[in-house]
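Trainee: One structure coming up, written as structure tokens, with questions to follow.
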Amino acid sequence: MNILVTGGAGFIGSNFIYYMLDKYKDYKIVCLDKLTYAGNLSTLKRAFENPNFQFVKGDISDRVFVFELFKEKNFDVVVNFAAESHVDRSIEDPEIFLKTNVIGTQVLMDAARKFDIKRFHQVSTDEVYGDLPLDRPDSLFTEETPLRPSSPYSASKAAADLLVLAYYRTYKLPVTISRCSNNYGPYHFPEKLIPLMIIRALNDQPLPVYGDGRNVRDWLYVEDHCSAIDLIIHHGREGEVYNIGGRNERTNLEVVKTILKELGKPEELITFVKDRPGHDLRYAIDPSKIKNELGWEPKTSFEEGIKKTIKWYLDNRDWWEEIISGEYKDYYERMYSNR
Ligand code: NAD
Ligand code: DAU
């Protein structure tokens with residue numbers, strides 16, 4: 001099988017590339033990535049040693065470039081991870097989110113139509129459903145939950161999802177969509193909660209918790225997301241949406257306190273800062289469909305996953321120290337100095 005993975009120099013895409021190269025020794029993988037601030041070639045260092053892997057730098061919204069690539073490579077399957085992915089950045093400047101997440105997806109699907117791709121898989125998010133109340137622990141997102149996105153980021157992902165389903169209905173493009181909850185694990189960019197808190201705690205810096213820290217996220221170890229996508233591209237039904245999540249709800253404060261405990265750092269580092277505008281209260285996925293149809297189950301518990309993740313950040317200082325020394329410094333100043 002010949003697979004195009006877009007956004008593979010980012011967090012989940014890179015983990016997916018490693019997962020697939022390790023599991024399928026005869027699959028060929030091309031990674032197409034624009035190498036934005038979130039994409040890092042050092043993340044793919046081990047993949048470059050594999051003859052079945054190739055990297056191409058480019059923008060998924062560049063139609064001429066994308067069509068040339070599809071013409072040359074003869075892909076069987078496209079897995080679209082490429083996106084602007086950070087909610088706070090989308091609040092600051094939404095435009096690039098529409099260009100990459102919506103137009104980029106459209107360009108890829110147009111190429112997939114023209115070159116008869118056997119499966120176009122869109123990596124989406126539970127954020128398209130909006131949020132759930134904190135006082136109704138029984139309420140969960142199912143695939144039937146109406147789309148009610150809150151941020152420019154999640155609105156752009158919801159728009160892309162609708163377009164993907166429209167291409168299925170109108171053109172019979174063989175699509176699938178997965179909507180996953182919050183991931184964590186190796187190569188997670190340190191603008192996101194878990195890696196940000198690990199790195200700041202390691203450096204004995206204040207940990208900025210938005211609002212009162214009671215917002216809830218449903219955390220999944222990244223490898224479990226990869227195994228779900230693997231199952232969907234091989235066995236998922238065309239035109240279907242699959243929710244992915246590990247029934248692993250935690251308040252932000254619980255997550256931050258777990259990290260501090262693991263690192264032996266004091267809770268006094270926690271600093272409550274101004275809340276994120278439109279901050280979603282709670283996400284929680286009902287993964288029954290993917291479990292019943294495809295037999296998917298997560299393998300890593302939060303307790304085990306967070307230990308593995310912290311160890312990875314301790315063992316891979318070079319990776320993140322290089323990141324936080326560049327453009328990242330300006331970003332942190334901009335986002336956090338007036339909170
Ligand atoms: P990320 O920000 O770590 O990586 C995104 C990658 O896409 C980067 O390598 C970046 O360079 C690349 N990219 C951005 N714009 C591009 C463009 N125009 N053309 C080509 N490449 C481009 O993101 P992530 O956290 O790995 O998320 C990957 C996907 O999974 C996204 O679609 C996101 O919406 C979705 N998702 C993420 C999570 C999560 O918890 N992180 C959960 C569910 C779904
Ligand atoms: O649910 C899936 C989504 O999860 C993905 O679609 C997104 O791409 C991904 O970024 C993530 O979105 P969140 O907004 O949930 O993730 P983030 O790590 O930015 O924030 C997690 C929670 O932590 C959220 O309630 C906001 C809070 N937070 C975040 C940061 C960065 C803080 O309290 N302080 C912070 O400094």
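Trainee: Name the single residue, out of those in segment 64-90 being surrounded by fewer than 15 Cβ atoms within 10 Å (Cβ to Cβ) and either out of contact with any helix residue (DSSP H, G or I) (no Cβ under 9 Å at 6 or more places or on another chain) or in contact (Cβ under 8 Å) with a residue 60 or more places away in the chain (or both), that is farthest from Ser227 (Cα to Cα).
Mentor: Here the answer is Val64.
Trainee: A further question follows. Could you give me the residue pairs with C-beta distances under 7 Å whose first residue belongs to segment 1-18 and is aliphatic (A, V, I, L, M), whose second residue is near ligand 1 (Cβ under 6 Å from one of its atoms) and assigned to a loop (DSSP other than H, G, I, E, B) wherever it lies, and which are 6+ apart or on separate chains?
Mentor: Val5/Phe81; Ala9/Leu35; Ala9/Gly39; Ile12/Phe81
Trainee: Inspect all residues belonging to segment 91-100 and state whether any of them is away from ligand 2 (no atom under 15 Å from the Cβ) and either farther than 30 Å from Lys57 by Cβ or buried (at least 18 other Cβ atoms within 10 Å of the Cβ) (or both).
Mentor: yes
Trainee: Right, something else. Within segment 104-113, can one find any residue that is open to solvent by less than 80 Å² (accessible area, probe 1.4 Å) and either within 16 Å of ligand 2 (Cβ to nearest atom) or assigned to a loop (DSSP other than H, G, I, E, B) (or both)?
Mentor: Let us first name the residues in segment 104-113 that are open to solvent by less than 80 Å² (accessible area, probe 1.4 Å), namely 104-112.
Among the residues that remain, those that are also either within 16 Å of ligand 2 (Cβ to nearest atom) or assigned to a loop (DSSP other than H, G, I, E, B) (or both) are: 104-105.
Looking through segment 104-113, at least one residue is open to solvent by less than 80 Å² (accessible area, probe 1.4 Å) and either within 16 Å of ligand 2 (Cβ to nearest atom) or assigned to a loop (DSSP other than H, G, I, E, B) (or both).
Trainee: Name the single residue that is surrounded by the fewest Cβ atoms within 10 Å (Cβ to Cβ) among those in segment 242-276 being β-branched (Val, Ile, Thr) and within 16 Å of ligand 1 (Cβ to nearest atom).
Mentor: Per the stated criteria, the residue is Val255.
Trainee: State whether the residues of segment 231-248 include one that is among the hydrophobic types (A, V, I, L, M, F, W, C), in contact with a His (Cβ under 8 Å, 6 or more places away or on another chain) and away from ligand 2 (no atom under 16 Å from the Cβ).
Mentor: Within segment 231-248 (the criterion being among the hydrophobic types (A, V, I, L, M, F, W, C), in contact with a His (Cβ under 8 Å, 6 or more places away or on another chain) and away from ligand 2 (no atom under 16 Å from the Cβ)), the answer is yes, since at least one residue qualifies.
Trainee: Away from ligand 1 (no atom under 11 Å from the Cβ), within 19 Å of the chain's Cα centre (by Cα) and not hydroxyl-bearing (Ser, Thr, Tyr): does that describe Met109?
Mentor: no
Trainee: Say whether the condition of being modelled with pLDDT of 95 or more and more than 10 Å from ligand 1 (Cβ to nearest atom) is met by at least one residue in segment 31-41.
Mentor: No: segment 31-41 contains no residue that is modelled with pLDDT of 95 or more and more than 10 Å from ligand 1 (Cβ to nearest atom).
Trainee: Could you please find all residues in segment 1-54 being assigned to a loop (DSSP other than H, G, I, E, B), open to solvent by 40 Å² or more (accessible area, probe 1.4 Å) and in contact with a Leu (Cβ under 8 Å, 6 or more places away or on another chain)?
Mentor: Residues of segment 1-54 that are assigned to a loop (DSSP other than H, G, I, E, B), as a first pass: 1, 7-10, 24-27, 34-40, 45-46, 50-52.
Adding the requirement that they be open to solvent by 40 Å² or more (accessible area, probe 1.4 Å) leaves 1, 24-26, 34-37, 45-46, 50-51.
Within segment 1-54, Leu35, Asn50 meet the criteria.
Trainee: Being of a type in the set (Phe, Trp, Tyr) and within 18 Å of Asp88 (Cα to Cα) is true for just one of Tyr332, Tyr313. Which residue is that?
Mentor: Details: Tyr313 fails: within 18 Å of Asp88 (Cα to Cα).
On inspection, the qualifying residue turns out to be Tyr332.
Trainee: Sticking with this structure for a sec: Mind listing whichever residues of segment 222-244 are over 15 Å from the mean Cα position of the chain (by Cα), closer than 16 Å to Lys291 by Cβ and hydrophobic (A, V, I, L, M, F, W, C)?
Mentor: Hits for segment 222-244 are Leu231, Ile232, Val241.
Trainee: Go through segment 197-316 and tell me which helices (runs of 4 or more DSSP H), entirely inside it, have 3 or more residues that are under 30 Å from Asp161 (Cα atoms) and in contact with a strand residue (DSSP E or B) (Cβ under 6 Å, 6 or more places away or on another chain).
Mentor: Numbers: elements: 222-235, 252-263, 288-294, 302-315.
Filter on segment 197-316 gives 222-235.
Trainee: Consider only pairs whose beta carbons are under 7 Å apart and that are at least six residues apart or on different chains; among these, list those whose first residue lies in segment 245-260 and is farther than 16 Å from Leu196 by Cβ and whose second residue is surrounded by fewer than 19 Cβ atoms within 10 Å (Cβ to Cβ).
Mentor: What qualifies is Thr251/Gly213; Thr251/Arg214.
The values are calculated or read from the model by the stated rules, or taken from the named source; none is laboratory data. Note that the coordinates shown come from a computational prediction; the quantities given were computed from them, not determined experimentally. For neighbour counting, all protein chains shown are included, and Cβ atoms are generated from backbone atoms with ideal geometry for every residue, glycine included. What goes into the accessible areas is simple: the full protein's heavy atoms, side chains included, and nothing from ligands, DNA or RNA. Shrake-Rupley method; radii C 1.70, N 1.55, O 1.52, S 1.80 Å.
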